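Asker: Okay, handing you the structure first.
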Ligand code: RIB
């Protein structure tokens, strides 16, 4: 293990257990006590930890920046889970946490124009209300996970601009327990221009990925301890694909279940499907991947079957107002959606994926997890903004309206 990786692993350990002795760490990382002492002294100098007699304690709200192999990148580690009971209580309102999800994904600044209708080509229209806020499929999904009383670690890359500060403030003030933010010194933070149609809440998005696309396979490799400490690894396709595929491989190698939300669509996704336990395309992505145009539940079933044949463990097609279709190779299970007053569909898929990952990390069955995710997403579309996720207690209330008799199972 390289020094850099061991330092990160030590921070991860301290994040989890709050304190560690030199002896424990030397044994865990199979190095001498002298090596650990010098690691701890260095980390203490950087301000990440405090030395104590015979070991170290993690500091409150660690904001640890270190240079890595290539000089164009900086890492910001933020750990907030190992704090005083009081802080945990205020973040999670005293609720019991269960399971852990590690998310690799994008952070974008969303510029959202609320419009009466989408503009035609060459047309200028007015937006009554334009909002700038945090977004990115990865960050939105991490936020959704964190709302479900599940420990959350988020990994992303931002640029060297004022938007990176927005990322830091957004993530550190959220219920996300810890994150690793790489910072590219050259590229800009990702942005997304979003139109939301006020009549039906539908959206159109143009993403400028910026630094999201410059995360490297080595940077992903460095978060192995976080992946290994999780129950579920969740990712999407907004980062550069070689790094994303490496992360999926790391999770698979360590026996961690992988959920891949194949959005935005890339035909290259086929190269990683064998390592994916749960693939969660929407209708468009499922149609493109299967070459079967989905128009209804029957065509969705054909598409799910074709996708399953490409090697994924389970296919879960999100069908918007029609709910979700699960296919495990033996049976189709249709989970109908709950009724919602749709205000903004942006981030509905993120809400579904985050909630599904959280429920799976808690050890729920696939059907229960998909049902929970449908309820979570039905509340998310009632709120404006892609990162505006519902409260856990509201999801539980909405779930009481769910009629399990509507869940239909059909043998293959
Ligand atoms: O899924 C919604 C998200 O897609 C937005 O927040 C936008 O940033 C894009 O990544």
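Asker: Does the stretch 177-209 hold any residues that are more than 14 Å from the ligand (Cβ to nearest atom), in a strand (DSSP E or B) and within 18 Å of residue 125 (Cα to Cα), and which are they?
Answerer: Result: 197, single match.
Asker: One residue is enough: does the stretch 80-87 have a residue meeting the conditions crowded, with 21+ Cβ neighbours inside 10 Å, at pLDDT 95 or above and under 19 Å from residue 226 (Cβ atoms)?
Answerer: No, the stretch 80-87 contains no residue that is crowded, with 21+ Cβ neighbours inside 10 Å, at pLDDT 95 or above and under 19 Å from residue 226 (Cβ atoms).
Asker: From the set of residues in the stretch 210-229 that are touching a strand residue (DSSP E or B) at 6+ places or on another chain (Cβ under 7 Å), outside any loop (DSSP other than H, G, I, E, B) and under 30 Å from residue 130 (Cβ atoms), which is nearest to the ligand (Cβ to nearest atom)?
Answerer: Residue satisfying both the conditions and the ranking: 212.
Asker: Please state which of the following conditions residue 361 fails to meet, knowing it meets all the rest: (1) within 14 Å of the ligand (Cβ to nearest atom); (2) under 18 Å from the mean Cα position of the chain (by Cα).
Answerer: Just one mismatch for residue 361, condition (1).
Asker: Hey, can you tell me all the residues within the stretch 22-41 that are surrounded by 15 or more Cβ atoms within 10 Å (Cβ to Cβ) and either under 28 Å from the mean Cα position of the chain (by Cα) or closer than 24 Å to residue 179 by Cα (or both)?
Answerer: 25, 29, 36, 39, 40
Asker: Does the stretch 268-290 hold any residues that are more than 21 Å from residue 374 (Cα to Cα), in contact with a helix residue (DSSP H, G or I) (Cβ under 7 Å, 6 or more places away or on another chain) and without any contact (Cβ under 8 Å) to a residue 24 or more places away in the chain, and which are they?
Answerer: Hit for the stretch 268-290 is 290, nothing else.
Asker: What about residue 401, is it at pLDDT below 95, more than 22 Å from residue 151 (Cβ to Cβ) and not in a helix (DSSP H, G or I)?
Answerer: yes
Asker: Here are 377, 321, 373, 348: which of them is more than 25 Å from residue 272 (Cα to Cα) and within 16 Å of the ligand (Cβ to nearest atom)?
Answerer: When all the criteria are applied, what remains is 377.
Rundown of residues vs (1) surrounded by fewer than 23 Cβ atoms within 10 Å (Cβ to Cβ); (2) at pLDDT below 95; (3) closer than 21 Å to residue 357 by Cβ, yes/no style:
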| site | (1), (2), (3) |
| --- | --- |
| 253 | yes, no, yes |
| 257 | yes, no, yes |
| 275 | yes, no, yes |
| 286 | no, no, yes |
| 291 | yes, no, no |
| 300 | no, no, no |
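Asker: Which condition number in (1) over 17 Å from residue 12 (Cα atoms); (2) under 12 Å from the mean Cα position of the chain (by Cα); (3) more than 16 Å from the ligand (Cβ to nearest atom) is the one that residue 259 fails?
Answerer: (3)
Asker: Which residues, taken from the stretch 154-176, are more than 15 Å from the ligand (Cβ to nearest atom), closer than 17 Å to residue 350 by Cα and surrounded by fewer than 24 Cβ atoms within 10 Å (Cβ to Cβ)?
Answerer: Matches in the stretch 154-176: 175 only.
Asker: Now for a different question. What residue, among those in the stretch 329-341 that are surrounded by fewer than 17 Cβ atoms within 10 Å (Cβ to Cβ) and outside any strand (DSSP E or B), is farthest from the chain's Cα centre (by Cα)?
Answerer: Filtering the stretch 329-341 for residues that are surrounded by fewer than 17 Cβ atoms within 10 Å (Cβ to Cβ) and outside any strand (DSSP E or B), the one farthest from the chain's Cα centre (by Cα) comes out as 330.
Asker: For the stretch 230-245, enumerate the residues that are in contact with a strand residue (DSSP E or B) (Cβ under 6 Å, 6 or more places away or on another chain) and not in a helix (DSSP H, G or I). Can you show your working first?
Answerer: Kept after step one, since they are in contact with a strand residue (DSSP E or B) (Cβ under 6 Å, 6 or more places away or on another chain), are these residues of the stretch 230-245: 230-235, 244.
Across the stretch 230-245, the qualifying residues are 230, 231, 232, 233, 234, 235.
Asker: Please work out if residue 304 is within 16 Å of the ligand (Cβ to nearest atom), assigned to a helix (DSSP H, G or I) and touching a residue at least 12 places away in the same chain (Cβ under 8 Å).
Answerer: no
Asker: Let me ask something additional. Checking residue 233 against (1) surrounded by 20 or more Cβ atoms within 10 Å (Cβ to Cβ); (2) without any contact (Cβ under 8 Å) to a residue 60 or more places away in the chain; (3) within 27 Å of residue 135 (Cβ to Cβ): exactly one of these is not met. Which one?
Answerer: (2)
Asker: Taking the condition of being under 22 Å from residue 316 (Cβ atoms) and in contact (Cβ under 8 Å) with a residue 40 or more places away in the chain, how many residues in the stretch 388-398 meet it?
Answerer: Restricting attention to the stretch 388-398, the residues satisfying the condition of being under 22 Å from residue 316 (Cβ atoms) are 389-390, 392, 395-396, 398.
If we keep only those that are in contact (Cβ under 8 Å) with a residue 40 or more places away in the chain too, we end up with 389-390, 392, 395, 398.
Adding up the residues that qualify gives 5.
Asker: In the stretch 130-153, which residues are more than 12 Å from the ligand (Cβ to nearest atom), surrounded by fewer than 24 Cβ atoms within 10 Å (Cβ to Cβ) and under 15 Å from residue 386 (Cβ atoms)?
Answerer: 130, the sole residue that qualifies.
Asker: What number goes with the only condition from (1) assigned to a helix (DSSP H, G or I); (2) within 22 Å of residue 151 (Cα to Cα) that residue 321 does not pass?
Answerer: (2)
Asker: Name the single residue that is surrounded by the most Cβ atoms within 10 Å (Cβ to Cβ) among those in the stretch 382-401 being within 12 Å of the ligand (Cβ to nearest atom) and under 20 Å from residue 324 (Cα atoms).
Answerer: 386
The values are calculated or read from the model by the stated rules, or taken from the named source; none is laboratory data. No experiment lies behind these values; they were computed from the predicted model shown. No Cβ is skipped: glycine too gets one built from the backbone with ideal geometry, and neighbour counts run over all protein chains shown.
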